Structure formats: C-alpha cells, structure tokens
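The block underneath contains the structure these notes are about, expressed in structure tokens.
The values are calculated or read from the model by the stated rules, or taken from the named source; none is laboratory data. What you are looking at is a predicted structure, and each value in this text was computed from that prediction instead of being measured. All Cβ positions, glycine included, derive from the backbone under ideal geometry; neighbour counts span all protein chains shown. The protein model used for the area step is the full one, side chains on, heavy atoms only, and it has no ligands, DNA or RNA in it. Shrake-Rupley method; radii C 1.70, N 1.55, O 1.52, S 1.80 Å.
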Amino acid sequence: MNALTINLESVIEMTDEQFFNLCQKNNELRFERNANGELIIMPPTGGETGNKNARITQQLMNWTDTDGTGIAFDSSTCFKLPNGADRSPDAAWIKLERWNTLTEEEKQKFPPICPDFVIELLSPSDNLKTIEEKMKEYITNGVRLGILINRKSRQVEIYRPGKEVEILDSPNTVSGEDILKSFVLNLAMIW
C-alpha cells in the first residue's frame with residue numbers, strides 16, 4: 001500500500017491546531033502534510049521494516065544518551081518545517097541548544113523546528129523518488145545531514161546542504177560526520 005495524498009483545499013484550510021487534533025484523534029493512523037497543505041496518510045510498516053527502524057532509532061538513542069549534546073526522536077515525532085510541511089522522519093536528532101529555544105507547548109505538540117539530522121529507511125511500500133524529494137525538502141529546510149537507506153538495493157544516499165547526493169553501495173557503517181561527531185550507524189543489523 002502506498003501513501004495516500006488528499007487535497008482538502010476546496011473543503012478546508014486546516015490550521016496547525018486542527019492538524020494536530022486530527023492526528024491525536026486518529027492516533028492509529030500516521031499523517032504528514034506537505035508544504036501545499038495536502039494531507040498524506042502513511043501506511044503502517046510491516047514487521048521487518050518496523051524492526052529495522054527500531055534498530056536505527058536504538059543506535060541513535062544510545063549514542064545520544066552517551067554524547068549529551070542533543071536530543072533524538074523516533075518515527076512517531078512530527079516536525080513543523082519552515083516551509084509549512086509537517087514531516088515525520090524515521091529517526092531525527094536536534095542539537096540541545098536549538099531544542100531548548102522552544103517553549104514547553106511547542107515541545108508538546110509538533111515542534112516548529114527542523115532537525116539537524118534525519119534518517120529515512122525506505123520501506124517496500126515507499127516510492128524511492130518520493131522519499132528522495134522528501135530528503136531534499138529536509139535539506140532545503142535546514143537539515144544539516146540526511147541519510148536515506150534503501151535495503152532493497154543495499155544503497156545509502158547521503159544528503160548535505162549545497163552538495164550533490166552521495167551514494168554508497170553496501171556500506172557496513174555510515175558516520176554522523178561533523179554533525180553527530182563520533183556517531184556511527186552500524187548497517188550490519190539493518191541490511
């Protein structure tokens with residue numbers, strides 16, 4: 001099942017508060033919103049993808065706990081990007097000093113902040129081109145390093161501001177570079 005995009009423009013112009021409430025009232029569904037305000041209904045992942053996503057988040061959380069310079073998030077966190085889109089990367093990290101500029105209310109809802117680092121794991125139901133566009137959207141909105149993992153092709157795409165996408169074939173690890181110093185994502189358990 002692919003993601004379903006619904007244009008509600010002729011019916012309602014959904015406010016951020018309405019979108020948040022829609023997500024809360026339908027917590028069994030996973031929603032995103034693109035910069036045009038279109039509602040995107042994301043299908044649930046299968047068991048294999050869910051397990052691999054959890055392993056990615058586990059590695060990022062463990063590193064974050066040890067490093068202490070930022071805060072990590074799982075795939076259930078939705079961020080309000082500067083372009084107006086509401087996006088939920090599979091894993092994300094924000095520098096602590098940036099996170100601490102948000103109010104408590106902003107932290108409780110969909111934080112109006114773009115992560116410094118994101119990871120997307122391509123699931124069998126995802127369209128590669130759509131997720132690549134999402135990665136470019138993250139970079140345009142302030143992500144400093146993005147990693148897209150394609151298990152089917154065993155490729156990793158690295159996204160950085162102002163640079164061409166770097167494609168790695170079957171890497172064993174990927175580093176957090178200068179954004180997450182000393183973070184190394186072990187892909188052996190993801191492939």
In debye, nearest 20: dipole of the range 1-154 around its Cα centre with unit charges on the Cβ of K, R (+) and D, E (-)? 540
Straight distance only, please: which lysines reach the Cα of Lys52 with their own Cα at less than 19 Å, same-chain residues fewer than 8 apart left out? Lys152
Test of understanding: what is the full-extension gain from Ser76 to Asn36, defined as 0.36 nm times their sequence separation minus their Cα-Cα distance? 12.2 nm
With a 1.4 Å probe and all protein chains kept in place, how do Asp16, Asp126 rank by accessible area, largest first? Asp16, Asp126
Summarise the accessible area of the range 57-135 (1.4 Å probe, protein heavy atoms) by the percent that is carbon and sulfur. 49
Accessible-area ranking of Lys181, Lys25, Lys107, Lys134, largest first, probe 1.4 Å: Lys25, Lys181, Lys107, Lys134
How would Thr140, Thr49 line up by accessible area, probe 1.4 Å, largest first? Thr140, Thr49
So, taking all protein chains as they sit and a 1.4 Å probe, how much accessible area belongs to Asp67, in Å² rounded to tens? 60
Hull surface over four for the Cα convex hull of the range 19-115, reported in nm², is 6.5
So what is the relative contact order of the chain, in percent, for Cα pairs below 8 Å that sit 6 or more residues apart? 16
How high is the FRET efficiency from Leu8 to Lys95, r the C-beta distance, R0 22 Å, rounded to 0.05? 0.05
Just to verify a number: FRET efficiency for Leu22 and Glu133, C-beta to C-beta distance, R0 = 35 Å, to 0.05? 0.90
(1) 48, 38, 32; (2) 46, 41, 28; (3) 63, 35, 21, with the label sought being that of the calculated Cα extents along the principal axes in Å: (1)
As straight-line cross-link partners of Lys25, the qualifying lysines (C-alpha separation under 24 Å, not fewer than 8 residues apart within one chain) are Lys80, Lys107, Lys109
Please work out the C-alpha center-to-center distance from the range 136-190 to the range 47-125 and express it in whole Å. 15
Which whole number of Å³ per residue matches the convex hull of the alpha-carbon atoms in the range 89-191? 115
Helix 47-67 axis, angle to the chain major axis (alpha carbon atoms, nearest 10°): 70
Against the longest principal axis of the chain, how steep is helix 16-25, in degrees 0 to 90 to the nearest 10, with axes from Cα atoms? 80
Tell me what the chain gives for mean residue ellipticity at 222 nm when only DSSP H runs of n ≥ 4 count, each as -39,500 (n - 2.57), the sum divided by the residue total, rounded to 500 deg cm²/dmol. -8500 deg cm²/dmol
Lys and Arg at +1, Asp and Glu at -1: add these up for the other residues within a Cβ distance under 11 Å of Lys136 and post the number. -2
Excluding Asn7 itself, what net charge comes from residues whose Cβ is under 12 Å from its Cβ, given Lys and Arg +1 and Asp and Glu -1? -2
